[in-house]
Amino acid sequence: MIDLSKLITERIRDIPDYPKPGVVFKDITPLLADHVTFAGVVDAIVAHHGRGNVDKIVGIEARGFILAAPVAYHFGAGFVPVRKKGKLPARTHEQTYDLEYGTETIEMHTDALRPGERVLIVDDVLATGGTAQAAAELVRRGGGEVVGLSVLIELSFLRGRERLGNLDVHSLVTV
């Protein structure tokens, strides 16, 4: 039996002082390069939420796209990108939030969701919870129902989960 948590942990490298001094960046590119681990991550997210329970997958720029797209494929669901301000070509909803090293604004197309669609948000890291909270607000503003958040890594010492209220948070590895 494969220990997915161990595989994930072994395939994430820490990059100190990136993108700013004092921040330890979690580089997932070694994980993505390993077919077994990458497939295991996608399968674990799908298994946790169950097929037929999600209409759309929201992926958060940029590494969240990499995980969210194959998850959407396996669910038979649509994929909706949430991007940094100014990167989407049509009309958008926007949400500004704080993160551990500054502020950011993300956007989602206003026509990305139909009222009542069940939406799973997928990202690589849950840190302070600002990005996830902002994405959830965009989904709600777009008429969707957030059924959960799945992340590869949760940085528990930053207590992002606490910011998300009763949102179902699924993390594959917690550090």
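Only the coordinates and a few stated rules stand behind these numbers; no lab work does. Quick caveat, the model's predicted, so the values are computed rather than measured. Don't worry about glycine lacking a Cβ; one is built from the backbone with ideal geometry, like all the others, and counts go over all protein chains shown.
A few notes on this one:
- For ALA112, residues with placed amide H under 5 Å, excluding near neighbours: none
- Summarising the amide proton neighbourhood of PHE79: residues at separation of 5 or more, or on other chains, whose placed amide H is nearer than 5 Å comprise ILE57.
- Burial order of peptide ranges 48-57, 68-77 (average beta-carbon count within 10 Å, highest first): 68-77, 48-57
- Protection proxy ranking, peptides 136-146, 116-126, average beta carbon neighbours within 10 Å, highest first: 116-126, 136-146
- P(r) tail, the chain: Cα-Cα pairs separated by more than 28 Å, 18% of all pairs.
- Each residue, VAL24 and ALA69, gets one label point 7 Å from its Cα in the Cβ direction; the gap between the two is 3.0 nm.
- Converting phi to 3J(HN,Hα) with the Karplus coefficients 6.51, -1.76 and 1.60 and the offset θ = phi - 60°, region 44-57 yields 5, 5, 5, 5, 4, 8, x, 4, x, 9, 9, 9, 9, 10 Hz in sequence order, with x at every glycine or proline.
- Cut-off under 5 Å, modelled amide H: who pairs with HIS170 long-range: LEU149, SER150, VAL151
- Mean Cβ count within 10 Å, highest first, over the residues of peptides 149-160, 5-16: 149-160, 5-16
- Percent of Cα pairs in region 71-116 per distance bin of 10 Å, from zero to the largest separation: 24, 42, 29, 5.
- 3J(HN,Hα) from dihedral phi, region 169-175, Karplus parametrisation 6.51/-1.76/1.60, rounded to Hz, x for glycine, proline: 9, 10, 10, 7, 9, 10, 10
- Shown here is the pair-distance distribution of region 96-175: with all Cα-Cα distances grouped in 5 Å bins from zero up to the longest one, the shares run 3, 16, 27, 25, 18, 9, 3, 0 percent.
- Antiparallel DSSP beta bridges within the chain, percent to nearest 5: 40 percent
- Couplings 3J(HN,Hα) of region 117-134, computed from phi: 5, 8, 10, 9, 9, 10, 8, 7, 10, 9, 10, 7, x, x, 5, 5, 5, 5 Hz, in residue order, whole Hz [Karplus 6.51 cos²θ - 1.76 cosθ + 1.60, θ = phi - 60°; x for Gly and Pro].
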